[in-house]
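Asks: My structure is below; once you've seen it, I'll send some questions.
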Amino acid sequence: MKSRHWYHYLWIWSIIYFSLGFVNILFAWLGLINFCLPLLFAIIGGNKLFCNRYCDRGQFLRFFGSQAGLSRRHAMPAFLHSTVFRVLFMAFFFAMFGSALWTTWLVAGGVASVQDAVMLFWTIRLPWEWTSTAAVSPWVVQFSFKLYSLMLTSEIIAIVAMLWFRPRAWCTFCPMGTLTQGICKLRNKKG
Amino acid sequence: MSTIKRYAVVRQEGCVACGSCADVCPRGAISVWHGCFARVDVTRCVGCGRCARECPASVIHLEVRR
């Protein structure tokens, strides 16, 4: 519906999240909300209400792309929203998430030392030395950097896609969206 | 004077169920069915085309009512 709802303002959370992570990297852990909530909606509720309404990134893209009119609204090439690409992109992102968990495990075991930098696209090193993380365990810090890197990288892809394609272009290949839609489809096949 | 009446049609196998169509529909005529795909209530749809304009996967088009 056209009328404004409270969830249309959830884009503010995206800005708060990235700002908090800029001030102190430990706030990156809050990004796990975006992993858990859509799964809970899909597994318990059997719906994609998170994507449809409560996703802060989705609302961010809607606000800046649609409401503020920043999107050029070009049609996406078909392969970008094909099932093959969506599944491959999801596999890649979860492999990267798995690698974040793995390095966190290594740091926790004392095998590796903390990489205290945010890596953009896994290659561009953004030094993040101003955050004081001495008070917590090294593995907590490691996971913060890895998760923040993943969130920032995907946010940049989402913004570029929003500017050039339709506002919610990211949603067509969002790994969480692909996963939750898969769960919903499985549930409905059974039920 | 006659006006061409249209309604939205979703190609469901390509739908990513993001819900951006439901968000812009002024009549609440389109909704995401159990997180699987978008579905149009043709009795409510007035064929304004906002959903088709917003759909990131371009799976919505308008058809003429017969």
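The values are calculated or read from the model by the stated rules, or taken from the named source; none is laboratory data. Fair warning: this is a prediction, and the values are worked out from it, not measured in the lab. No Cβ is skipped: glycine too gets one built from the backbone with ideal geometry, and neighbour counts run over all protein chains shown. Keep in mind that these areas ignore ligands, DNA and RNA; they rest on the heavy atoms of the full protein, side chains included. Shrake-Rupley method; radii C 1.70, N 1.55, O 1.52, S 1.80 Å.
Asks: Mind listing just one residue for me: the one in the stretch A:73-103 that is in contact with a Lys or Arg (Cβ under 9 Å, 6 or more places away or on another chain) and assigned to a loop (DSSP other than H, G, I, E, B) and, of those, nearest to A:HIS8 (Cα to Cα)?
Replies: Applying the filter and picking the extreme gives A:ARG73.
Asks: So which residues in the stretch A:21-36 are part of a helix (DSSP H, G or I), open to solvent by less than 50 Å² (accessible area, probe 1.4 Å) and farther than 26 Å from B:VAL32 by Cβ, if there are any at all?
Replies: Keep residues of the stretch A:21-36 that are part of a helix (DSSP H, G or I), which gives A:21-23, A:25-36.
Okay, now just the ones that are also open to solvent by less than 50 Å² (accessible area, probe 1.4 Å), so A:21, A:25-26, A:28, A:31-32, A:34-35.
Those that are part of a helix (DSSP H, G or I), open to solvent by less than 50 Å² (accessible area, probe 1.4 Å) and farther than 26 Å from B:VAL32 by Cβ: A:GLY21, A:ILE25, A:LEU26, A:ALA28.
Asks: Here's another thing I want to ask about it. Is the stretch B:50-61 home to any residue that is of a type in the set (Asp, Glu), modelled with pLDDT of 95 or more and out of contact with any Lys or Arg (no Cβ under 8 Å at 6 or more places or on another chain)? Even if it seems obvious, please write down each step before you answer.
Replies: If we filter the stretch B:50-61 for residues that are of a type in the set (Asp, Glu), which is where we start, we get B:54.
Next, only the ones that are modelled with pLDDT of 95 or more stay: B:54.
Pick out the ones that are also out of contact with any Lys or Arg (no Cβ under 8 Å at 6 or more places or on another chain) and you get none.
No.
Asks: When you go through A:GLY69, A:GLY58 one by one, which is the residue that is under 26 Å from B:ALA57 (Cβ atoms), loosely packed, with under 14 Cβ neighbours inside 10 Å and not hydrophobic (A, V, I, L, M, F, W, C)? Before the answer, list the steps.
Replies: Working: A:GLY58 fails: loosely packed, with under 14 Cβ neighbours inside 10 Å.
The conditions single out A:GLY69.
Asks: I need the full set of residues from the stretch B:13-66 which are free of Cβ contacts under 8 Å to residues at least 40 places away in the same chain and in a helix (DSSP H, G or I), in order please.
Replies: B:GLU13, B:SER20, B:CYS21, B:ALA22, B:ASP23, B:VAL24, B:ARG50, B:ARG53, B:GLU54
Asks: On to the next question. Of the residues that sit in the stretch B:32-49 and are within 8 Å of chain A (Cβ to nearest Cβ) and of a type in the set (A, V, I, L, M, F, W, C), which one is nearest to A:SER66 (Cα to Cα)? Break it down stepwise before answering.
Replies: Of the residues in the stretch B:32-49, the ones within 8 Å of chain A (Cβ to nearest Cβ) are B:32, B:34-36.
Those left that are additionally of a type in the set (A, V, I, L, M, F, W, C): B:32, B:36.
Details: B:VAL32: 20, B:CYS36: 24 Å.
Step by step, filter the stretch B:32-49, then rank; the result is B:VAL32.
Asks: Now, a different point. Quick test for you: out of A:TRP164, A:TRP130, pick the one residue that is out of contact with any helix residue (DSSP H, G or I) (no Cβ under 8 Å at 6 or more places or on another chain) and within 14 Å of another protein chain (Cβ to nearest Cβ). Write out each step before concluding.
Replies: Details: A:TRP130 fails: within 14 Å of another protein chain (Cβ to nearest Cβ).
Criteria check complete, one pass: A:TRP164.
Asks: Take the residues in the stretch A:113-131 that are assigned to a loop (DSSP other than H, G, I, E, B) and open to solvent by less than 40 Å² (accessible area, probe 1.4 Å); name whichever of them is nearest to A:LEU147 (Cα to Cα). Show your work before the answer.
Replies: Initially, the stretch A:113-131 is screened for residues assigned to a loop (DSSP other than H, G, I, E, B), giving A:113-116, A:121-123, A:128-131.
Next, from what is left, pick out any that are open to solvent by less than 40 Å² (accessible area, probe 1.4 Å): A:128, A:131.
Details: A:TRP128: 14, A:THR131: 16 Å.
Within the stretch A:113-131, the match that is nearest to A:LEU147 (Cα to Cα) is A:TRP128.
Asks: If you don't mind, another one. So how many residues does the stretch A:50-69 have that are aliphatic (A, V, I, L, M) and either under 13 Å from the mean Cα position of the chain (by Cα) or within 11 Å of another protein chain (Cβ to nearest Cβ) (or both)? Explain how you work it out, then say what you get.
Replies: Keep residues of the stretch A:50-69 that are aliphatic (A, V, I, L, M), which gives A:61, A:68.
Next, only the ones that are either under 13 Å from the mean Cα position of the chain (by Cα) or within 11 Å of another protein chain (Cβ to nearest Cβ) (or both) stay: A:61.
So the count comes out to 1.
Asks: Now a separate question. In the list B:ALA38, B:ALA8, which residue meets the criterion of being in contact with a Leu (Cβ under 8 Å, 6 or more places away or on another chain) and buried (at least 20 other Cβ atoms within 10 Å of the Cβ)? Quick ask: steps written out before the conclusion?
Replies: Working: B:ALA38 fails: in contact with a Leu (Cβ under 8 Å, 6 or more places away or on another chain).
After applying the criteria, what remains is B:ALA8.
Asks: Would you be able to tell me the number of residues in the stretch A:150-191 that are at pLDDT below 95 and surrounded by 17 or more Cβ atoms within 10 Å (Cβ to Cβ)?
Replies: Count: 1.
Asks: On to the next question. Please find, within the stretch A:37-49, the residue that is least open to solvent (accessible area, probe 1.4 Å) out of those that are facing another protein chain (nearest Cβ under 9 Å) and not small (Gly, Ala, Ser). Lay out the reasoning, then the answer.
Replies: Taking the stretch A:37-49 and keeping what is facing another protein chain (nearest Cβ under 9 Å), we get A:41-42, A:45-49.
Now drop any that are not not small (Gly, Ala, Ser), which leaves A:41, A:47-49.
Numbers: A:PHE41: 56, A:ASN47: 36, A:LYS48: 6, A:LEU49: 53 Å².
Result: A:LYS48.
Asks: Taking the conditions exactly as written (in contact with a helix residue (DSSP H, G or I) (Cβ under 9 Å, 6 or more places away or on another chain), surrounded by fewer than 21 Cβ atoms within 10 Å (Cβ to Cβ) and within 7 Å of another protein chain (Cβ to nearest Cβ)), does B:ALA52 satisfy them or not?
Replies: Judged against the criteria, B:ALA52 is not a match.
Asks: Show the residue pairs that are 6+ apart or on different chains and have beta-carbon atoms under 7 Å apart, the first residue being within the stretch A:132-145 and open to solvent by 60 Å² or more (accessible area, probe 1.4 Å), the second being not in a helix (DSSP H, G or I).
Replies: Close Cβ pairs satisfying both conditions: A:PRO138/A:VAL114.
Asks: Within the stretch B:41-66, can you find the residues that are within 15 Å of B:ILE4 (Cβ to Cβ) and of a type in the set (D, E, K, R)?
Replies: Selection gives B:GLU63, B:ARG65, B:ARG66.
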